[in-house]
1. Report the accessible area of Trp155, computed with a 1.4 Å probe over the heavy atoms of all protein chains in place, in Å² rounded to the nearest 10.
2. Tell me the label-point distance for the pair Ala19, Ser73, using the 7 Å Cα-to-Cβ offset, in nm and rounded to one decimal.
3. Which value at 222 nm does the chain reach when only helices count, each DSSP H run of 4 or more adding -39,500 (n - 2.57), with the total divided by all residues and rounded to the nearest 500 deg cm²/dmol?
4. Could you give the length gained by full extension between Asp85 and Asp120, i.e. 0.36 nm per residue of separation minus their alpha carbon distance, to one decimal place?
5. With a sphere of radius 10 Å drawn around the Cβ of Asp42, what net charge do the other residues whose Cβ falls strictly inside it have (Lys, Arg +1; Asp, Glu -1)?
6. Note the listed values (i) 32, 20, 16; (ii) 39, 21, 13; (iii) 26, 19, 14, then indicate which one is semi-axes √(5λ) of the Cα gyration tensor in Å calculated from this particular structure.
7. Given the protein chains as shown and a 1.4 Å probe, how many square angstrom of Asp18 are accessible, to the nearest 10?
8. If you stretched the chain out fully between Lys159 and Ala108, how much longer would it get, using 0.36 nm times the residue separation minus the C-alpha to C-alpha distance?
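The values are calculated or read from the model by the stated rules, or taken from the named source; none is laboratory data. In this text, all values refer to a predicted model and were calculated from it rather than measured experimentally. Ideal geometry is used to build each Cβ from the backbone, glycine not excepted, and the neighbour counts take in all protein chains shown. The accessibility values were calculated without ligands, DNA or RNA, using every heavy atom of the protein model including side chains. Shrake-Rupley method; radii C 1.70, N 1.55, O 1.52, S 1.80 Å.
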Amino acid sequence: MLFRSKPALAERWEVSPDAKTYTFHLRKGVKFANLPPVNGRDLTAADVKWSYEYSSRTGQFKGSKLAPAKFASYFENLESVEAPDAGTVVVKFSEPFSPFLSYAADYANPIMPKEVFDRDGNLTKVMVGTGAFQWDEASSQKGTKVVFKKNPTYWQPGKP
C-alpha cells in the first residue's frame, strides 16, 4: 500500500487535472523488514514500479505466462509506470482514472520486493514488506498457522 488516508509510503502526491497522471514522492527512510532476500534495504521507486507492473501484468510482465492478476481492475487502462529517480513514481493512464488514489492505498495492493519473485519465481513462499509487523517463519506452521512479530527495524518511530 502506497499510502492510507494520510500519507504512509508516499509523503505526498500530485494528480494531473485530467486524472491521467499520478506522481508519488516516496518517504525517505522506509525500509523492508530485515529478512532475506531484501535484508532491510530501502524501499525505492523501482519497487513501486515493479509491484504495479506485476499487479497489472503490464510493462515487463506484459505477455507473460503469469495467471491474470487478482486486482488488475485497480490498473484499468494503465499506460506506464515510471521511476525517474529513487524517490519518485509517475503512474500514467490512457484514460482518466479517478479511483486510482483509493486503489493505491488499498491493502490488496501491496508494494513487494522483486528479489522474492526473482529467487522463488512467485510471491507465495515468503512475506517481506515495509510494515510494522514481519512474518515469523519459525513460529508459523505451513498450511495451518501464520505468525507475525514486531518489526524491530520499522521505519516509523514509536510504532507498533
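1. Accessible surface of Trp155 is approximately 50 Å².
2. Those two pseudo-labels are separated by 1.6 nm.
3. Values: 3 runs with 24 residues, N = 160.
When only DSSP H runs of four or more count, the value is -4000 deg cm²/dmol.
4. On the way: separation 35, 0.36 × 35 = 12.60 nm, distance 2.72 nm.
Stretched out fully, the Asp85 to Asp120 stretch lengthens by 9.9 nm.
5. Values: positive: Lys28, Lys31, Arg41; negative: Asp47.
Result for the local shell: +2.
6. Among (i) 32, 20, 16; (ii) 39, 21, 13; (iii) 26, 19, 14, the one calculated here is (iii).
7. 80
8. Values: separation 51, 0.36 × 51 = 18.36 nm, distance 2.20 nm.
Value of the extension gain: 16.2 nm.
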